[in-house]
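Student: Sharing a structure here in structure tokens format.
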Amino acid sequence: MILIGERINGMFRDVGRGIGEGDKAPIHEWALRQVKAGADYLDLNVGPASENPVQAMAWLVDTVQEVTDCPLSLDSTNYDAIEAGLKRCKRPALINSVPAERAKLERVLPMAKQYRASIIGLAMDAKGIPKDADGRLALAMEILAAAMEFDIPPEDIFIDPLILPVNVGQDHGPEALETIRQVKLLSNPAPKTVVGLSNISQKCVNRPLVDRTFTAMAMACGLEAAIMNVCDDELIATVATARIILNKDIYCDSYLKVYKGRGL
Amino acid sequence: MPVDLIKERYTTKVGEVVLGATKAEGGTRSQTITVGGDSTLPFLHFEGEVPNRPVIAMEVQNMVPEWSPEVTKNFKDVIGDPAAWAAKCVKEYGADLIYLKLNGADPERGNASPEDCAETVKKVLGAVGVPLIVVGCGVEEKDNEVLPAVAEAAAGENLLLGVAKQDNYKTLTAACMVHKHCIIAQSPIDINIAKQLNILISEMNLPISRIVIDPSVGALGYGIEYTYSIMERIRIGALTGDKMLSMPVICAIGYEAARAKEANAGIDQFPGWGELAERALLWEAMTSAAFLQAGGHIFVLRHPRSVALVKQSIGQLMIK
């Protein structure tokens, strides 16, 4: 699993305050904590409150790269902000994200090509999130077709089936899982799949349990990446165990320790 | 029609382990031997690197072993003297290393003392310039006395010492740490235990570049396929990022092949099986041939003629 650390997001009070006041301490702290926990990417989101998202993203990228070379996932709906970030990334980044809308794809795909970035493609369009797997897959295919047009290989595309909170969009759960399963059939080589994990449990009780359970189920469907709380030990343990059951890692009694220490 | 070869690209490779130490490195060996380093499945030269050829260690014991006369007849002038025996293996039969099994330390087979064993090791070191593998008699309490004494006496020589097992690894690991030797981590044809033991040993801070995996081999006709598939998985693990399975592999074949009925029963018993002399050596050579393909790095053999055959086979497999 490709683990994308979600914590550097202006929605969190400490990070939001850091971005607002130009205080690097909370950014540095969360960058290092997530890398230590095994994050493969760090997601950077300046948050909705930022007055100048372009400048804030550039600052965030620079600030994080002062303490780590971990690849970055640039999370914004403002593509100028993403481009400002891409220009500064030391390693190929992940663009988070673009929906299946032609105008937005035409803005994002050339810049992905230019900066050798991967892209999260959302299985939604201007009309919103389709209600079933077939609708999501059709949009995923649109994104893939556009990527090929702009000479970006499918394996650089991460399709996000879009999961909704289980307490309000319960009927979307099976559809999202089915989408993950079928996205693999859209092309050869296949695109990757990703979810924004914490969305599944918004405003639910037992959030960590819902996250863990969904993770295991989605991994069984072939999920390859998740934007998640990488500092949640139990969640990481679930990922490690699912990898064992899926025969991705060879079992041994210390497998949890091995997985947690894999980056060290 | 042109055919495109499909090539796998692996992210990691088998780790390298260096055995022995020259004078400049604090030992007395005339050369060191490096095993491992493969970045592909065995001998797929078109796909990756096989930088170090598999090597052959010939087995020597500190007692007169009860081996088949087919083997012992080649050593009858030296079999009571481990140093002379080792020298003959290197000079006459081209052994890359010597595998000294201290069987004579077994309380029921002579009960040689730790000091005697250490002395034997030093004599063998004096008689040959190749790196040495030294293993105990298999009686754990005794080995836990003998092997630390050997480790200390041969400090600096960078021996490969064995064997560590899941329930008896601490004494030997500590001895290897203190006196800077490599260790054989043996598991009973069980990949989970192989991995776990490597973790346990490295948690004692012995670097993984000083661990060699002994997966326990079964001879041809006696479970060879179990070991084969375990070794295959170990190699694939090493190539796909599993650090705790990334060590080179030693196959103690001589002992296992010699136990096979086919390596011992005379033609009078089984007229259809052909001459015993030929059969006994082929059992060792054929078992080795299979484990070359499975990803073995160090082959422990007894029979001079099978050494020649396996060497020839390695030579052919190493041609790019």
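The values are calculated or read from the model by the stated rules, or taken from the named source; none is laboratory data. Small disclaimer: the values here were computed from a predicted structure and weren't measured. Ideal geometry is used to build each Cβ from the backbone, glycine not excepted, and the neighbour counts take in all protein chains shown. Side chains included, ligands, DNA and RNA excluded: accessible areas come from the protein's heavy atoms. Shrake-Rupley method; radii C 1.70, N 1.55, O 1.52, S 1.80 Å.
Student: Counting other Cβ atoms within 10 Å, keep those with at most 11, restrict to DSSP loop, and tell me which GluC sites (Glu not before Pro) in region B:232-320 are left.
Tutor: B:Glu275
Student: Hand me the chymotrypsin sites (Phe, Trp or Tyr not before Pro) from region A:125-228 located in a DSSP loop with no more than 16 other Cβ atoms within 10 Å, in residue order please.
Tutor: Those that pass, being in a loop and sparsely packed, are A:Phe150.
Student: By the scheme Lys and Arg +1, Asp and Glu -1, what is the net charge of all other residues having a beta-carbon under 10 Å from that of A:Glu234?
Tutor: Taking every other residue near A:Glu234 into account, the sum is -2.
Student: Where does the charge balance sit around B:Ala185 when Lys and Arg score +1, Asp and Glu -1, over other residues with C-beta under 11 Å from its C-beta?
Tutor: Here the charged neighbours net out to +2.
Student: Charges only on Cβ, +1 for Lys and Arg, -1 for Asp and Glu: so what's the dipole of chain A about the Cα centre, in debye to the nearest 20?
Tutor: Here the size comes out at about 380 debye.
Student: Among A:Thr238, A:Val61, B:Pro148, which residue has its Cα positioned farthest towards the positive end of the charge dipole of the protein assembly as shown, with +1 placed on the Cβ of Lys and Arg, -1 on the Cβ of Asp and Glu, and the dipole taken about the Cα centre?
Tutor: Sorting the options by dipole projection puts first A:Val61.
Student: Could you work out how far the C-alpha centroid of region A:92-154 sits from that of region B:1-70, in angstrom?
Tutor: If you average the Cα positions of each part, the centres end up 47 Å apart.
Student: Let me ask something else. What average count of beta carbons from other chains do you get within 10 Å of the Cβ of residues in B:191-204?
Tutor: 3
Student: Sticking with this one: Once you treat every alpha carbon in region A:2-260 as an equal point and sum by Debye, what is log10 I(q)/I(0) at q = 0.09, 0.14, 0.15 Å⁻¹?
Tutor: -0.38, -0.97, -1.12
Student: Can you divide the C-alpha Rg of the protein assembly as shown by 2.2 N^0.38 Å and report the result to two decimal places?
Tutor: So the protein assembly as shown has a normalised radius of gyration of 1.20.
Student: So which of A:Lys260/B:Lys195; B:Lys101/B:Lys142; B:Lys13/B:Lys243; B:Lys122/B:Lys311; A:Lys36/A:Lys192; B:Lys23/B:Lys123 end up more than 21 Å apart by C-alpha?
Tutor: Pairs exceeding 21 Å: B:Lys122/B:Lys311; A:Lys36/A:Lys192.
Student: Within a Cβ distance under 12 Å of A:Gly135, other residues only, what is the Lys/Arg minus Asp/Glu net charge?
Tutor: -3
Student: Still on this model: Using a 1.4 Å probe, what is the accessible area per residue for the protein assembly as shown, in Å²?
Tutor: Per residue, the protein assembly as shown has 44 Å² of solvent-accessible surface.
Student: How much space per residue, in cubic angstrom, does the convex hull of the C-alpha atoms of region B:5-160 take up?
Tutor: Taking only Cα atoms, region B:5-160 has a hull volume of 146 Å³ per residue.
Student: Counting helices only, and only those DSSP H runs with n ≥ 4, report the 222 nm mean residue ellipticity of chain A as the sum of -39,500 (n - 2.57) divided by its residues, in deg cm²/dmol to the nearest 500.
Tutor: So the helix-based figure for chain A works out to -14000 deg cm²/dmol.
Student: Then there's this: ³J(HN,Hα) across region B:247-260 via Karplus (A = 6.51, B = -1.76, C = 1.60, θ = phi - 60°), whole Hz, x for Gly/Pro?
Tutor: So the J values, rounded to whole Hz, are 8, x, 10, 10, 10, 7, 7, x, 4, 5, 5, 5, 7, 5.
Student: OK, next. Rounded to the nearest 5, what % of the DSSP beta bridges within region B:16-317 are antiparallel ones?
Tutor: Antiparallel bridges: around 15 percent, rounded to the nearest 5.
Student: Under a point spin-label approximation (7 Å from Cα along Cα-to-Cβ), what is the B:Gln31-B:Ser113 distance to one decimal in nm?
Tutor: 3.9
Student: Residues of B:237-245, mean number of Cβ from any other protein chain within 10 Å of their own Cβ, rounded to a whole number?
Tutor: Counting other chains' Cβ atoms within 10 Å and averaging over B:237-245 gives 3.
Student: Which one, B:Gln196, B:Leu239, B:Thr32, is farthest towards the positive end of the dipole of the protein assembly as shown when Lys and Arg carry +1 and Asp and Glu -1 on their Cβ?
Tutor: B:Thr32
Student: Could I ask something else about it? Please report the accessible area of B:Tyr222 (heavy atoms, 1.4 Å probe, ligands and nucleic acids excluded) in Å², nearest 10.
Tutor: Answer for B:Tyr222: close to 110 Å² accessible.
Student: Rg over Rh of region B:184-260, using C-alpha atoms and the Kirkwood radius, what does it come to?
Tutor: 0.99
Student: Just to compare against my own numbers: the Cα pair-distance distribution for region B:263-320, 5 Å bins, whole % per bin, please.
Tutor: Histogramming region B:263-320 at 5 Å steps yields 4, 18, 27, 19, 14, 10, 6, 2, 0 percent.
Student: A follow-up question, please. How large is the Rg to Rh ratio of region B:217-320 when both quantities use alpha carbon positions and Rh follows Kirkwood?
Tutor: Rg divided by Rh gives 1.04.
Student: Also, I was wondering about something else. To make sure I understand the rule: partners must be aspartates and glutamates, Cα under 19 Å from the Cα of A:Lys87, and not fewer than 8 residues away in the same chain. Which ones qualify?
Tutor: Cross-link targets: A:Asp43, A:Asp62, A:Glu66, A:Asp69, A:Asp75, A:Glu106, A:Asp156.
Student: Hey, another quick one. Which FRET efficiency value, to the nearest 0.05, do you get for A:Asn188 and B:Phe270 by plugging their Cβ-Cβ distance into 1/(1 + (r/R0)^6) with R0 = 41 Å?
Tutor: Here the calculated transfer efficiency is 0.15.
Student: For chain B, with a Gaussian network of springs between Cα atoms less than 10 Å apart, report the residue from B:Ala127, B:Ala285, B:Ala87 with the top mean-square fluctuation.
Tutor: Of B:Ala127, B:Ala285, B:Ala87, the most mobile in the Gaussian network model is B:Ala127.
Student: Treating the beta-carbon of each Lys and Arg as +1 and of each Asp and Glu as -1, no other charges, what is the dipole magnitude of chain B about its Cα centre, to the nearest 20 debye?
Tutor: Computed charge dipole of chain B: roughly 720 debye.
Student: Right, another one. Need one number: the % of Cα-Cα pairs in region A:36-106 sitting beyond the 19 Å mark.
Tutor: When every Cα pair of region A:36-106 is considered, 32 percent fall beyond 19 Å.
Student: Report the one residue of A:Gly261, A:Ala112, A:Met141 whose Cα lies farthest in the direction of the positive end of the charge dipole of chain A (charges on C-beta: Lys and Arg +1, Asp and Glu -1; origin at the Cα centre).
Tutor: A:Gly261
Student: Over chain B, how many percent of alpha carbon pairs lie in each 10 Å bin up to the one with the longest distance?
Tutor: Distribution as computed: 6, 27, 36, 23, 6, 1, 0 percent.
Student: Right, here's the next one. State to the nearest 20 debye the size of the charge dipole of region B:90-147 about its Cα centre, where the only charges are +1 on K and R beta carbons and -1 on D and E beta carbons.
Tutor: So the dipole magnitude of region B:90-147 works out to roughly 300 debye.
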